Amino acid sequence: MRPADVPVVILCGGLGTRLREETETRPKPMVEIGHAPILWHIMKIYGHHGFRKFVLCLGYKGHVVKQFFREFEIWGKDFTMEFSQDGGHIEHRNTRPGEPWEVTLCETGPDTMTGGRIFRIQQYIKNDVFMATYGDGVGDVDLTAELGFHLAHGKVATLTAINPPSRFGVLDLGDHDQVSRFREKAQHDNWVNGGFYVFHRRVFDYLDPDCVLEQAPLERLSQDGELVAMRHRGCWYPMDTYRDYQELNRLWAEGQAGWKIWDL
């Protein structure tokens, strides 16, 4: 199965309340890292691995995402506009190549939960297998390997497991409450859901219009033995808070964006 034939579902409809400084006027996937929305970064990661079909699940301020793609052909390019009574003409002034993407934008409701959004776009999933992710996380996940991993085990669902460092210094306490060791940004023993999924379309049997993907559906898949995890030890960054937003922009500005696996 070629990545070019596998659709990628991206959840773009959440309110982004913990990033309210940036999401008052736009949905979180349209918040910029460097020169471009984080959604573009996510799509470039998938594009690097050969995925080209995207289904975007819109909700909160979905019109902003639609407007971005309506103007995508001229985004980041120089052009000259010539006006006349017979209509206008646009002449592109540089030749930066476009993206070989097919993008379907779907209104899935302003208040719909994550599982409900995926449930609502099943009409656009013609394949037995599709990818899915959130519109607010980046990483250098080997998506080609994850697709192969999923096809090899034959289960309904695969997720990427991440072992992130603690945001707080870790204390090893000894006798009499003496600190025997202090570890800044230490790795802990817990693996978390990194949000890069591969699903067989049988996953729709676990979904309904009102469900939260991370609750009952994933719990039932786990109980049924239909959920496996591919461990990822590379870079992974969520954009949950304003602090995360600042850190991602710092990494991009300093040329340390480990998720940038594509050539511009």
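All conditions in (1) of a type in the set (A, V, I, L, M, F, W, C); (2) in a loop (DSSP other than H, G, I, E, B); (3) at pLDDT 95 or above hold for L56, with the sole exception of (2). None of T112, T133 is assigned to a strand (DSSP E or B) and of a type outside the set (A, V, I, L, M) except T133.
For V55, only one of the following conditions fails: (1) open to solvent by less than 10 Å² (accessible area, probe 1.4 Å); (2) touching a residue at least 40 places away in the same chain (Cβ under 8 Å); (3) under 25 Å from N249 (Cα atoms); (4) in contact with a helix residue (DSSP H, G or I) (Cβ under 9 Å, 6 or more places away or on another chain). What is its number? For V55, the failing item is (3).
Within the stretch 138-159, the set of residues being open to solvent by 10 Å² or more (accessible area, probe 1.4 Å) and on the phi < 0 side of the Ramachandran plot comprises D140, D142, T144, A145, G148, F149, L151, A152, H153, K155, L159. Is it the case that some residue within the stretch 131-139 is polar (S, T, N, Q) and at pLDDT below 95? No; the residues of the stretch 131-139 include none that is polar (S, T, N, Q) and at pLDDT below 95. Residues that are part of a helix (DSSP H, G or I) and open to solvent by 40 Å² or more (accessible area, probe 1.4 Å) within the stretch 15-52 comprise T17, R18, R20, E21, H48, listed in sequence order. If the Cβ limit is 7 Å and pairs must be 6+ apart or interchain, which residue in the stretch 1-27 that is farther than 18 Å from K66 by Cβ pairs with which residue that is part of a loop (DSSP other than H, G, I, E, B) and open to solvent by 60 Å² or more (accessible area, probe 1.4 Å)? If the second residue must be part of a loop (DSSP other than H, G, I, E, B) and open to solvent by 60 Å² or more (accessible area, probe 1.4 Å), the pairs left are A4/R52. Criterion first (surrounded by 13 or more Cβ atoms within 10 Å (Cβ to Cβ), modelled with pLDDT of 95 or more, acidic (D, E) and under 18 Å from the mean Cα position of the chain (by Cα)) does E247 satisfy it? It is true that E247 is surrounded by 13 or more Cβ atoms within 10 Å (Cβ to Cβ), modelled with pLDDT of 95 or more, acidic (D, E) and under 18 Å from the mean Cα position of the chain (by Cα).
Residue check: is P164 modelled with pLDDT under 95 and closer than 28 Å to T23 by Cβ? Considered against the rule, which asks whether it is modelled with pLDDT under 95 and closer than 28 Å to T23 by Cβ, P164 comes out as yes.
Would you pick out the residues in the stretch 192-236 that are aromatic (F, W, Y) and over 18 Å from E146 (Cα atoms)? Result: F204, Y206. The condition of being in a loop (DSSP other than H, G, I, E, B), farther than 21 Å from E146 by Cα and either open to solvent by 70 Å² or more (accessible area, probe 1.4 Å) or touching a His at 6+ places or on another chain (Cβ under 8 Å) (or both) holds for only one of D263, D240, that being D263.
Within the stretch 79-109, the set of residues being open to solvent by 80 Å² or more (accessible area, probe 1.4 Å) and either modelled with pLDDT of 80 or more or in contact with a Leu (Cβ under 7 Å, 6 or more places away or on another chain) (or both) comprises E82, F83, P100, E102, E107.
Each row is one residue, and each column tells you yes or no for (1) in a loop (DSSP other than H, G, I, E, B); (2) modelled with pLDDT under 95; (3) aliphatic (A, V, I, L, M); (4) more than 24 Å from Q122 (Cβ to Cβ).
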position: E146; (1), (2), (3), (4): no, no, no, no
position: F168; (1), (2), (3), (4): yes, yes, no, yes
position: R181; (1), (2), (3), (4): no, yes, no, yes
position: N193; (1), (2), (3), (4): no, yes, no, no
position: V212; (1), (2), (3), (4): yes, no, yes, no
position: L218; (1), (2), (3), (4): no, no, yes, no
position: L221; (1), (2), (3), (4): no, no, yes, no
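The values are calculated or read from the model by the stated rules, or taken from the named source; none is laboratory data. All values derive from a computational prediction rather than experimental measurement. With ideal geometry, Cβ positions are generated from the backbone for all residues, glycine too; neighbour counts draw on all protein chains shown. These area figures cover heavy atoms from the full protein model, side chains too; ligands, DNA and RNA do not enter into them. Shrake-Rupley method; radii C 1.70, N 1.55, O 1.52, S 1.80 Å.
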